[in-house]
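Student: Just passing along the structure, written as structure tokens.
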Amino acid sequence: MKDRPNVVLVFMDDMGYGDMGAMGGTVVKTPRMDSVAENGITFRHMYSAAPVCTPSRAALMTGRYAQRVGLPRVIFPHEGEGLSGYERTVPEVLKTRGYRTAGYGKWHLGCRPEHNPTRHGFDDFFGLLYSNDMDPVHLYDGEKPVQKEVEQAELTKQYTDRAIEFIERGGDDPFFVYLAHTMPHIPLHVEEGFRGTSRGGTYGDTIECIDFHLGRILDRLEELGLAEDTLVIVTSDNGPWFEGSTGGLRGRKIDTWEGGIRMPFVAQWPARIPAGSVCDEPACFIDLLPTLAGLTGAELPADRPIDGIDIGPALTGGPMPEREALYFFHHWTLNALRQGRWKLHVDRNPQPDRRELPQLFDLETDPGEAYNVANLEPEVMARLTELATSFATEITAQRVEAEGRAAGRCA
């Protein structure tokens, strides 16, 4: 077993909790994703740090809530905000331990030259800088646009081809591949051989296409003798939008109800993760950076708050380290937090109706967030309300500085 695993992170766009067989889905067929769960671990309470694209990815890359990064909302091509040079990303941290790094697919963390993935730790990048429903849709190779008329139906295959080519380059150094698929974000486009094949319609076709191409990566890792020492993670950025299943969870993309933020998440690493493991403790994308740092012996930045924790023990079949709480925002408004079995809603932005707030749900007995038990748990309410107030105050206090960094006004 190597001391530094290879890492392949497959990240879908707008795929729901119930769209993967391993999470209980039955309509869309995902045999290769399910095989990752069978050979490794399923996290049934893994959260995105935000219910929409940009802040979810900012948190994933930095281990910090997007409000600290200054990117708390979806950004558009005509805007100047983006990931600042102040932030330290997953690939940058892994490069200190000798990793080769590549990013393929959707970036959505800014379009200026200084925002390009190659300026933030990736040795190679091929993909879209924004969502596929934003104009212009240009395909970039590194910092150069190489296609201005993009055939979106071919993107899943193109991204996968590049990822496999990068893996095949070999050498003694470990690698990190971030494969952030464009699908199943709308507008839906699917490779010809997969059109009309899924009972989930075109939406299902796109996921089954991704599943097939995931299989190509898994098979190639086996053929190259790399599978044993490669951590493969498969998940999605936020909940489903116009189509897709939340697995019965309340809400969808944009919401901080469970359906908008609880993600399908499976991982395999044969050398370390016991096959068929399950974790039912809450975790979050902000945990990825500290976890990979812990697994590889890399050091975290010590000059800023890192909101995530190292969940390596839980990933490899052990107990989940303790944490204070997980916090869920819409833009700059704290909507909810989770601590253990409890989830407290203090706001519901962007919805204007604030009646019946605050609401407390016991997710162990009520995963659908149907029954407010605030009147039954005064001590829990008091404790979580204090946490919410304190953290919201902390985030507000650093807002001007964070926005300034993202806009390029300060270092």
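Student: Based on this model, can you work out whether THR156 counts as in the same structural domain as VAL93 (by TED's automatic domain parsing) and either within 27 Å of ASN349 (Cα to Cα) or in contact with a Leu (Cβ under 8 Å, 6 or more places away or on another chain) (or both)?
Tutor: Details: in the same structural domain as VAL93 (by TED's automatic domain parsing): yes; either within 27 Å of ASN349 (Cα to Cα) or in contact with a Leu (Cβ under 8 Å, 6 or more places away or on another chain) (or both): no.
Taking the combined requirement at face value, the residue does not satisfy it.
Student: Does ALA102 satisfy the condition of being modelled with pLDDT of 95 or more, under 25 Å from ILE309 (Cβ atoms) and aliphatic (A, V, I, L, M)? Step through it out loud before you land on a result.
Tutor: Numbers: modelled with pLDDT of 95 or more: yes; under 25 Å from ILE309 (Cβ atoms): no; aliphatic (A, V, I, L, M): yes.
Answer is no for this residue.
Student: Continuing with this model, one more query. Inside the range 105-116, can you point out the residues that are over 12 Å from ALA58 (Cα atoms) and touching a helix residue (DSSP H, G or I) at 6+ places or on another chain (Cβ under 9 Å)?
Tutor: Hits for the range 105-116 are GLY105, LYS106, PRO113.
Student: Moving on to the next point. So which residues in the range 173-185 are in contact with a helix residue (DSSP H, G or I) (Cβ under 9 Å, 6 or more places away or on another chain) and either assigned to a loop (DSSP other than H, G, I, E, B) or of a type in the set (Val, Ile, Thr) (or both)?
Tutor: Residues of the range 173-185 that are in contact with a helix residue (DSSP H, G or I) (Cβ under 9 Å, 6 or more places away or on another chain), as a first pass: 174-185.
PRO174, VAL177, HIS181, THR182, MET183, PRO184, HIS185 - these are the residues of the range 173-185 that are in contact with a helix residue (DSSP H, G or I) (Cβ under 9 Å, 6 or more places away or on another chain) and either assigned to a loop (DSSP other than H, G, I, E, B) or of a type in the set (Val, Ile, Thr) (or both).
Student: Follow-up. Search the range 134-148 for residues being modelled with pLDDT of 95 or more and of a type in the set (Asp, Glu), and hand back the single one that is nearest to GLN158 (Cα to Cα).
Tutor: ASP141
Student: Only residues that are in contact (Cβ under 8 Å) with a residue 24 or more places away in the chain and either part of a loop (DSSP other than H, G, I, E, B) or basic (Lys, Arg) (or both): list them for the range 23-36, please.
Tutor: Of everything in the range 23-36, those that are in contact (Cβ under 8 Å) with a residue 24 or more places away in the chain and either part of a loop (DSSP other than H, G, I, E, B) or basic (Lys, Arg) (or both) turn out to be GLY24, GLY25, VAL27, VAL28, LYS29, THR30, ARG32.
Student: Exactly one condition in (1) part of a loop (DSSP other than H, G, I, E, B); (2) within 30 Å of ALA271 (Cα to Cα); (3) out of contact with any Leu (no Cβ under 9 Å at 6 or more places or on another chain); (4) touching a residue at least 24 places away in the same chain (Cβ under 8 Å) is false for GLY308; which is it?
Tutor: Only one criterion is unmet by GLY308, namely (3).
Student: If I filter the range 232-249 for residues that are part of a helix (DSSP H, G or I) and at negative phi, do I get at least one hit?
Tutor: Filtering the range 232-249 down to residues part of a helix (DSSP H, G or I) leaves none.
No, the conditions are met nowhere in the range 232-249.
Student: List, please: which pairs have Cβ atoms under 6 Å, are six or more places apart or on different chains, and start with a residue in the range 6-22 that is touching a residue at least 60 places away in the same chain (Cβ under 8 Å) and end with one that is part of a loop (DSSP other than H, G, I, E, B) and of a type in the set (Phe, Trp, Tyr)?
Tutor: From the range 6-22, the pairs are ASP14/TRP241.
Student: Would you point out which residue out of VAL266, VAL278 is surrounded by fewer than 19 Cβ atoms within 10 Å (Cβ to Cβ), outside any helix (DSSP H, G or I) and β-branched (Val, Ile, Thr)? I'd like the intermediate steps shown before the answer.
Tutor: Details: VAL266 fails: surrounded by fewer than 19 Cβ atoms within 10 Å (Cβ to Cβ).
Result of the check over VAL266, VAL278: VAL278.
Student: Take the range 98-153 and flag every residue that is among the small types (Gly, Ala, Ser), free of Cβ contacts under 8 Å to residues at least 60 places away in the same chain and farther than 25 Å from ASN238 by Cα.
Tutor: GLY142, the sole residue that qualifies.
Student: Considering only residues that are basic (Lys, Arg) and surrounded by fewer than 18 Cβ atoms within 10 Å (Cβ to Cβ), look in the range 324-362 and name the one that is farthest from THR291 (Cα to Cα). Break it down stepwise before answering.
Tutor: Our first condition is that a residue be basic (Lys, Arg); within the range 324-362, this holds for 338, 341, 343, 348, 354-355.
Those left that are additionally surrounded by fewer than 18 Cβ atoms within 10 Å (Cβ to Cβ): 341, 354-355.
Values: ARG341: 23, ARG354: 37, ARG355: 39 Å.
Taking the candidates together, the pick is ARG355.
Student: What number of residues in the range 110-145 are under 19 Å from the mean Cα position of the chain (by Cα) and over 17 Å from TYR178 (Cβ atoms)?
Tutor: Qualifying residue count, the range 110-145: 1.
Student: Listed residues GLY204, GLY215, GLY225; which is at pLDDT 95 or above, farther than 21 Å from GLU151 by Cα, part of a helix (DSSP H, G or I) and of a type in the set (Gly, Ala, Ser)? Show your work before the answer.
Tutor: On the way: GLY204 fails: farther than 21 Å from GLU151 by Cα; GLY225 fails: part of a helix (DSSP H, G or I).
The unique qualifying residue is GLY215.
The values are calculated or read from the model by the stated rules, or taken from the named source; none is laboratory data. A quick note: this is a predicted structure, and the numbers were derived from the prediction, not measured. Neighbour counts are summed over all protein chains in view; Cβ atoms, including those assigned to glycine, are modelled from backbone coordinates with ideal geometry.
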